[in-house]
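Participant: Sending over a structure as structure tokens; questions will come in a sec.
The values are calculated or read from the model by the stated rules, or taken from the named source; none is laboratory data. This is a predicted model, so every value here is computed, not measured. Using ideal geometry, Cβ is built from the backbone for each residue, glycine included, and neighbour counts are taken over all protein chains shown. Heavy atoms of the whole protein, side chains included, go into the accessibility calculation; ligands, DNA and RNA do not. Shrake-Rupley method; radii C 1.70, N 1.55, O 1.52, S 1.80 Å.
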Amino acid sequence: MHILVTGGSGLVGSHIKDILTNNEKFENIKFTFASSKDCDLTNRNDVLNYFKGKNFNAIIHLAARVGGLYDNMRNNVSMFSENIKINENILEACNLHNIFTGIFCLSSCIFPANPSKFPMDETMIHESPPHPSNEGYAYAKRMLEVQCRHYNKTFGRKYICVVPVNLYGEYDNFTFGQAHVIPELIHRMYNFKKETCDNELFYAYGTGSPLRQFLYAGDFAKMILNILFNYNPGHMNLRPVICCNDELTIRELVYKIAYIMEVDLKKIHFDSNKSDGCMQKTVSNEYYNSFFPEFSFTTLHDGLKKTVDWFHENYKCARK
Ligand code: NAP
Ligand code: GFB
């Protein structure tokens with residue numbers, strides 16, 4: 001079996017690589033981890049040429065133009081354009097090469113901004129418009145769900161959409177202005193501790209009131225492999241599978257990270273002039289749990305500690 005992992009150099013792809021390293025369960029399976037250096041997935045001809053002769057049997061499609069709230073607010077055009085091209089090119093190539101099985105990534109931020117109920121479940125993705133801050137990314141990902149559903153129906157494929165909440169972990173993107181909340185706070189607090197004098201204050205963005213669920217990327221990587229190798233949709237339709245963990249406010253998150261990084265909590269303030277984004281996007285893990293009830297999640301404290309330690313140890317090579 002030969003599996004293509006697009007987005008192989010990113011946060012989730014790197015965690016999948018870690019799981020596979022020295023893991024005899026997968027020793028008879030070939031994995032190809034591709035990044036934009038191997039093929040620009042927005043370019044249809046590049047993609048069709050890349051697939052030629054590779055004999056991929058399955059795909060874990062992670063590649064995407066990804067960013068935090070503020071990156072999305074500034075770049076809705078490229079978020080839509082790049083992601084819609086990437087997904088269309090990948091699906092065309094997969095179908096052309098008769099790749100029967102695939103895992104495709106959506107995100108909990110594509111759900112309705114004002115849903116009929118919380119927690120949201122996988123049947124609600126298209127219920128009403130997503131949050132305006134990330135319309136570009138959200139609609140591109142919603143089309144991925146539509147495309148997968150119709151490839152399954154028309155060509156008998158097993159393309160499964162997985163829907164993680166906010167992900168974080170080692171190998172994340174810590175770049176100011178692009179990063180999601182956890183890596184950006186870690187990077188900002190790292191600099192704050194290094195560069196400021198005693199009476200300076202640290203400003204987290206927004207009011208701190210929004211609720212978020214966070215999933216350690218190492219857990220998500222395990223979930224993807226579980227679904228790819230152990231999920232039997234023969235018993236159920238190929239509904240998207242939501243992968244989530246506990247929920248907390250941004251304020252609670254900021255204090256957790258500050259505690260781990262030994263930043264004085266009294267110095268922490270919130271800049272309410274900066275957007276909060278979506279106030280709540282709570283989703284339910286029920287469907288995933290019905291398949292894998294024994295799955296145990298990494299606690300947020302342990303996941304944050306691993307990420308902070310990794311950032312300190314890999315500061316030179318981290319994406320920042
Ligand atoms: P990431 O760390 O930003 O990595 C993105 C990956 O996509 C990189 O390997 C990148 O390659 C590749 N890529 C981007 N544009 C490309 C292009 N034009 N051609 C080829 N490859 C390209 O992303 P991630 O956090 O691992 O996300 C993985 C998946 O999870 C994505 O589909 C994302 O939408 C989804 N997701 C992420 C989060 C989150 O909080 N991170 C939450 C929900 C869903 P280079 O390294 O060469 O640029
Ligand atoms: O992860 P994040 O940037 O994106 O989180 P979303 C933004 C939330 O964290 C907002 C607060 O409520 C911000 O006010 N926050 C506080 C900060 N301090 C900071 C900081 O230093 N940096 C950042 N970035 N936020 C994204 C979607 O929404 O969710 C994407 O826009 C993506 O499309 C991602 O899917 C998973 O969770 O708001």
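Participant: Give, in nm to one decimal, the length gained when the segment between D246 and N45 is fully stretched (0.36 nm per residue of separation minus the Cα-Cα distance). Show your work: numbers first, answer last.
Facilitator: Numbers: separation 201, 0.36 × 201 = 72.36 nm, distance 4.21 nm.
Extra length from D246 to N45 when fully extended: 68.2 nm.
Participant: Probe of 1.4 angstrom, ligands and nucleic acids ignored: what's the accessible area per residue over the range 39-192, in square angstrom? Present the calculation step by step, with values, prior to reporting the outcome.
Facilitator: Details: 5810 Å² over 154 residues.
Value for the range 39-192: 38 Å² per residue.
Participant: Under 20 Å between alpha carbons, and skipping anything fewer than 8 positions from K17 in its own chain: which aspartates and glutamates qualify?
Facilitator: Within the straight-line limit of under 20 Å, K17 reaches these aspartates and glutamates: E27, D38, E170, D172, D219, D309, E313.
Participant: Only helical DSSP H runs with n ≥ 4 go in: add -39500 (n - 2.57) per run for the chain, normalise by residue count and round the 222 nm mean residue ellipticity to 500 deg cm²/dmol. Please list the in-between numbers first.
Facilitator: Numbers: 10 runs with 126 residues, N = 320.
-12500 deg cm²/dmol, from helical runs alone.
Participant: For the chain, which whole percent of the accessible surface, found with a 1.4 angstrom probe, sits on carbon and sulfur atoms? Write out the running numbers ahead of the final one.
Facilitator: Values: 7180 of 14490 Å².
Of the solvent-accessible surface of the chain, carbon and sulfur hold 50 percent.
Participant: Quick one: length gained pulling S35 to N22 fully straight, 0.36 nm per residue minus the C-alpha distance? Show your work: numbers first, answer last.
Facilitator: Working: separation 13, 0.36 × 13 = 4.68 nm, distance 2.19 nm.
Between S35 and N22, full extension yields 2.5 nm more.
Participant: Let me ask something else about it. Please label the shape of the range 182-320 as rounded, prolate or oblate, based on the square roots a ≥ b ≥ c of the eigenvalues of the alpha-carbon gyration tensor (a/c under 1.5 means rounded; beyond that, a/b larger than b/c means prolate, else oblate).
Facilitator: On the way: a/c = 2.98, a/b = 1.90, b/c = 1.57.
Prolate.
Participant: Within the range 69-224, what is the number of lysine pairs with alpha carbons under 20 Å apart, leaving out pairs fewer than eight places apart on the same chain? Don't jump to the answer; show the numbers that get you there.
Facilitator: Details: K85/K141; K141/K153; K141/K158; K158/K222.
Count of close lysine pairs: 4.
Participant: What angle do you read, to the nearest 10 degrees and between 0 and 90, between the alpha-carbon axis of helix 217-230 and the longest principal axis of the chain?
Facilitator: Taking the Cα atoms of the chain, the angle to 217-230 is about 20 degrees.
Participant: List every residue whose amide H lies under 5 Å from the amide H of Y205, counting only residues 5 or more places away in sequence or on a different chain, with H placed 1.01 Å from N in the peptide plane.
Facilitator: D271
Participant: Can I ask one more? Which of the trypsin sites (Lys or Arg not before Pro) found in the range 14-69 are in a DSSP loop and have at most 15 neighbouring Cβ atoms, other than their own, within 10 Å?
Facilitator: Values: sites: K17, K25, K30, K37, R44, K52, K54, R65; in loops: K37, K52, K54, R65.
Filter output for the range 14-69: K37, K52, K54.
Participant: Could you pull out every residue, at least 5 positions away or on a different chain, whose amide H is within less than 5 Å of the one on T32? Hs are placed 1.01 Å off N in the peptide plane, and Pro or chain starts have none.
Facilitator: When sequence neighbours closer than 5 places are left aside, the close amide H contacts are I3, L4, V5.
Participant: In the range 99-208, what chymotrypsin sites (Phe, Trp or Tyr not before Pro) fall in a loop by DSSP, with at most 15 other Cβ atoms inside 10 Å? Numbers along the way, then the final one.
Facilitator: Details: sites: F100, F104, Y137, Y139, Y151, F155, Y159, Y168, Y171, F174, F176, Y190, F192, F202, Y203, Y205; in loops: F100, Y171, F174, F176.
Here the chymotrypsin sites (Phe, Trp or Tyr not before Pro) that fit, given the DSSP loop and packing criteria, are F100, F176.
Participant: Now, a different point. Return a single number: how many Lys pairs in the range 264-320, at a sequence separation of 8 or more or on separate chains, have alpha-carbon atoms below 23 angstrom apart.
Facilitator: 8
Participant: Let me ask something else. Using only protein heavy atoms and a 1.4 Å probe, report how much of C197 is accessible, in Å² to the nearest 10.
Facilitator: Accessible area of C197: about 70 Å².
Participant: How tilted is helix 11-20 with respect to the longest principal axis of the chain? Cα atoms for both, answer in degrees (0 to 90, nearest 10).
Facilitator: Tilt of helix 11-20: around 60 degrees.
Participant: Now, a different point. Could you do me a favour and compute the accessible area per residue for the range 205-320, 1.4 Å probe, result in Å²? Could the numbers behind the result be given before it?
Facilitator: Working: 5620 Å² over 116 residues.
Result: 48 Å² per residue.
Participant: Write down the Kirkwood hydrodynamic radius of the chain, to one decimal in angstroms, obtained as one divided by the mean of 1/r over all alpha carbon pairs. The partial results should precede the final answer.
Facilitator: Details: mean 1/r = 0.0493 Å⁻¹.
After inverting the pairwise mean of 1/r, the radius is 20.3 Å.
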